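Here the structure comes first, spelled out in structure tokens, and everything after it is commentary.
The values are calculated or read from the model by the stated rules, or taken from the named source; none is laboratory data. Treat the numbers as computed from the prediction; the structure is a model and nothing was measured. Positions of Cβ are backbone-derived with ideal geometry, glycine not excepted, and every protein chain shown enters the neighbour counts. Accessible surface areas use protein heavy atoms only, side chains included; no ligands, DNA or RNA. Shrake-Rupley method; radii C 1.70, N 1.55, O 1.52, S 1.80 Å.
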Amino acid sequence: MKSSRLLIVLLAICFVAAVPRISGASSLAVAEWGVGEFNSIYSESSDPVFISPGIDNFLEFDQATPVAGWTGAFVSGQSVEAWGVNRVELLWNMHFSESYADAPFVFDVYVYLDTTLVDWATITYNGGLNGSFNGSNLSNWDNYSIFTHNLDTVPEPATLLLLGLGLLGLVPLRKKTA
């Protein structure tokens with residue numbers, strides 16, 4: 001059920017201690033579950049907020065067990081991506097430039113199973129109004145808001161059937177007036 005699915009889950013424990021600190025960078029732990037299988041993640045922003053390595057540190061939900069078979073990549077300051085074996089849940093880190101710690105920005109996270117989009121969220125960073133976590137505003141999920149996009153599709157066969165039945169119902173009216 002779409003209302004019960006947990007899209008991109010904002011974790012209270014955002015900075016995983018096992019990840020080395022990168023100078024001028026902050027990492028944010030992000031998780032996905034509740035949408036079925038997926039095997040790739042793509043994130044983009046209109047601002048150059050991402051830094052290398054982009055997406056990394058793929059973990060099970062216990063936040064300690066590494067996940068094999070996943071690779072992350074820094075594409076540009078405006079996009080990062082990751083891919084791997086099919087999963088139904090995954091935790092990962094996204095890396096942001098500290099130069100954006102005080103400036104609001106927006107980024108989208110898209111989750112795919114092969115070429116089918118299974119999840120999409122728009123995440124807004126509010127500029128660190130709620131303080132820092134582990135020394136960085138960018139690592140604190142209290143500084144973010146999330147909008148989950150509804151991916152429900154319009155049931156086209158049912159819609160066309162209703163349209164057809166409606167038009168068919170007009171046929172007797174035409175014959176009576178002719």
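Figures for the structure shown
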read-out	value
Distance between modelled label sites at residue 168 and residue 152, nm, 7 Å Cα→Cβ extension	2.6 nm
Rounded if a/c under 1.5, otherwise prolate or oblate - segment 59-125, Cα gyration tensor axes	prolate
Contour excess over end-to-end distance, with Cα ends at residue 52 and residue 89 and 0.36 nm allotted per residue	11.0 nm
For segment 79-178: accessible area per residue (Å², 1.4 Å)	58 Å²
Segment 59-178, accessible surface, carbon-and-sulfur percent (1.4 angstrom probe)	61 percent
Pair residue 67, residue 126: separation of 7 Å Cα→Cβ label points (nm)	2.8 nm
Inter-part distance where segment 87-117 and segment 127-154 are each reduced to a Cα centre, Å	10 Å
Rounded FRET efficiency, nearest 0.05, which uses the C-beta distance separating residue 99 from residue 74 and R0 of 22 Å	0.90
